Amino acid sequence: MVEVSIEKAGPERRAAFENLFQLYIHDFSEFWTDHSDGELADDGRFTNDICLDTYWTEADRTPILIRAGGHLAGFALINGFAHSGLPTDFSVAEFFVARKHRRCGVGQAAALFIIGARTGQWDIAVSRRNLGAQLFWRRVASSAASGEVEALDRDDDLWNGLILRFKVD
Ligand SMILES: CC(C)(COP(=O)(O)OP(=O)(O)OC[C@H]1O[C@@H](n2cnc3c(N)ncnc32)[C@H](O)[C@@H]1OP(=O)(O)O)[C@@H](O)C(=O)NCCC(=O)NCCS
């Protein structure tokens, strides 16, 4: 398997996240055919309404770049917002692996590095339509968790889909 590494990104790497977000939104847009999100603007770009700047201004937020074989291959945004509404230390806000590197273990390796370095209660929300990511996160959670993984099926104001909750000691 190709070597996978992660790096906490400083604000000088903001443009890389902006660029990767275009690919990320494009992937998600296939789930948004029945609502207004995911339309291209006339300049051919997606509008990104995620508050990227807060990842460099708020202490509980971490922006991470993922490399595969030394090449930029994805990103993760980690924060403490719990879609379950339950007490939580860490949450995966966004997570992306570029298509060239998918199904090669890159995402799993990066996710396990990230989660393994943060002891506490995790809360990972995956949208109902994103079936591939549900399988991915179930697999990651079962490897990363110190105990049982709780799988919640939510359809409320905070989330529509799967929420995986587990502890890392
Ligand atoms: C979901 C995502 C991060 C997975 O990254 P990846 O590097 O391809 O994942 P891995 O290769 O480490 O997969 C590990 C295991 O997860 C499962 N898995 C991953 N992607 C899957 C998919 N699309 N369908 C079914 N199972 C999948 C498989 O069990 C896989 O092992 P296998 O390939 O030996 O069968 C990637 O597809 C992605 O970036 N998707 C678009 C953005 C997204 O949905 N992000 C998640 C937001 S919650």
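Could you give the longest part of the chain that holds none of the trypsin sites (Lys or Arg not before Pro) found in DSSP loops with at most 16 neighbouring Cβ atoms within 10 Å?
Working: sites that count: 45, 102, 103, 118, 128, 129.
Between exposed loop sites, the widest span is 46-101.
Per-residue ellipticity at 222 nm for the chain, helices alone: DSSP H runs ≥ 4 residues times -39500 (n - 2.57), over residue total, nearest 500 deg cm²/dmol? It would help to have the intermediate numbers written out before the result.
Values: 3 runs with 41 residues, N = 169.
Mean residue ellipticity, 222 nm, calculated: -8000 deg cm²/dmol.
On the Cα set of the chain, report Rg and Dmax in Å, please.
Computed over the Cα atoms of the chain, radius of gyration and Dmax are 15.6, 49 Å.
Rounded, prolate or oblate: which one fits region 1-42, using the alpha carbon gyration tensor with axes a ≥ b ≥ c (rounded when a/c is under 1.5, else prolate when a/b beats b/c, else oblate)?
Details: a/c = 3.58, a/b = 1.76, b/c = 2.04.
Since a/c reaches 1.5 but b/c is at least a/b, the shape of region 1-42 is classed as oblate.
Using a Gaussian network for the chain with springs between C-alpha atoms less than 10 Å apart, which of these wobbles most: 151, 41, 73?
41
Could you work out the relative contact order of region 28-161, using alpha carbon pairs under 8 angstrom and six or more residues apart, expressed as a whole percent? Intermediate results must be reported in sequence, preceding the final value.
On the way: 160 pairs, mean separation 22.1, N = 134.
In percent, rounded to a whole number, it is 17.
List every residue whose amide H lies under 5 Å from the amide H of residue 9, counting only residues 5 or more places away in sequence or on a different chain, with H placed 1.01 Å from N in the peptide plane.
Close amide H contacts, sequence-distant or interchain: 64, 65.
Which net charge results when you count Lys and Arg as +1 and Asp and Glu as -1 among the other residues whose beta-carbon is under 15 Å from that of residue 80? Mind dumping the intermediate values first?
Values: positive: 61, 118, 165, 167; negative: 58, 60, 89, 94, 123.
Once all neighbours under 15 Å are counted, the net charge is -1.
Could you work out Rg/(2.2 N^0.38 Å) for region 33-105, with Rg from alpha carbons only? Walk me through the intermediate numbers first.
Working: Rg = 15.1 Å, N = 73, 2.2 N^0.38 = 11.2 Å.
After normalising by residue count via 2.2 N^0.38 Å, the value is 1.34.
Read-outs: derived from the displayed coordinates by stated rules, not from any lab. Predicted, not measured: the structure shown is a model, and the values here were computed from it. Cβ atoms come from the backbone with ideal geometry, glycine included; neighbour counts cover every protein chain shown.
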